Amino acid sequence: MKITMHGFIAIFLFIVTTNCTRAAVAPQSNTQQFLGPQNAARALLRLPPLVWDTKLAKYAAWYANLRRGDCELEHSNGPYGENIFWGSGNGWTPVQAANAWVAERRGYKYRSNSCAFGMECGHYTQIVWRDTRRIGCARVVCFGGRGVFMTCNYDPPGNYIGEKPY
């Protein structure tokens, strides 16, 4: 039995002082913003690019819309790998979320297959998980000025304890 590391939660506390309550779910431009940085990270390791999957995008949109009321940084605990992001204000873009996850690369230690002390790296390892092929993401602006919540789901999931991502 494989045990996943779904418990990875990195809190990205950013301050932006704008407010809006209109939700947006990954139109084509957002799709490329989510995919670009993540596929660039995979390309550096000579891994095949992730392909956008509408089923995963619908799942991500469903979950992101559940979070619109509270904007809590909580995982869905669903059947897919998952990265989540929160930023205050309403100006956060998919490329900023994807870049934040990819930036965890600096904390990943391949030799020991672990994160450097005090650093997160589980979002990065999910992105570069060798067996993952499909991705779907969504972005919502939360009610009441609570910020922006974004999520990407990955299939097949990764981050199995004791296994290296690539």
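For the range 103-118, name all the residues that are of a type in the set (D, E, K, R), open to solvent by 40 Å² or more (accessible area, probe 1.4 Å) and touching a residue at least 40 places away in the same chain (Cβ under 8 Å).
Listed by number, the list holds a single entry, Arg105.
In the range 111-138, which residues are more than 13 Å from Cys152 (Cα to Cα), part of a loop (DSSP other than H, G, I, E, B) and not charged (D, E, K, R)?
Once the filter is applied, which keeps residues that are more than 13 Å from Cys152 (Cα to Cα), part of a loop (DSSP other than H, G, I, E, B) and not charged (D, E, K, R), the range 111-138 yields Ser112, Asn113, Ala116, Phe117, Gly118, Met119, Cys121, Val128, Trp129.
Could you pull out the residue among Cys137, Cys121 that is crowded, with 21+ Cβ neighbours inside 10 Å and without any contact (Cβ under 8 Å) to a residue 40 or more places away in the chain? Before the answer, list the steps.
Values: Cys137 fails: without any contact (Cβ under 8 Å) to a residue 40 or more places away in the chain.
The conditions single out Cys121.
Quickly run through the range 47-95 and pick out the residues that are farther than 19 Å from Asp155 by Cβ, of a type in the set (Gly, Ala, Ser) and assigned to a strand (DSSP E or B).
Correct list: Gly87 only.
The values are calculated or read from the model by the stated rules, or taken from the named source; none is laboratory data. Everything numeric in this text was worked out from a predicted model, so none of it was measured. Counting neighbours? That spans all protein chains shown, and the Cβs are built from the backbone with ideal geometry, glycine included. Ligands, DNA and RNA are stripped out before the accessible areas are found, and what is left, the full protein with its side chains, is counted by its heavy atoms. Shrake-Rupley method; radii C 1.70, N 1.55, O 1.52, S 1.80 Å.
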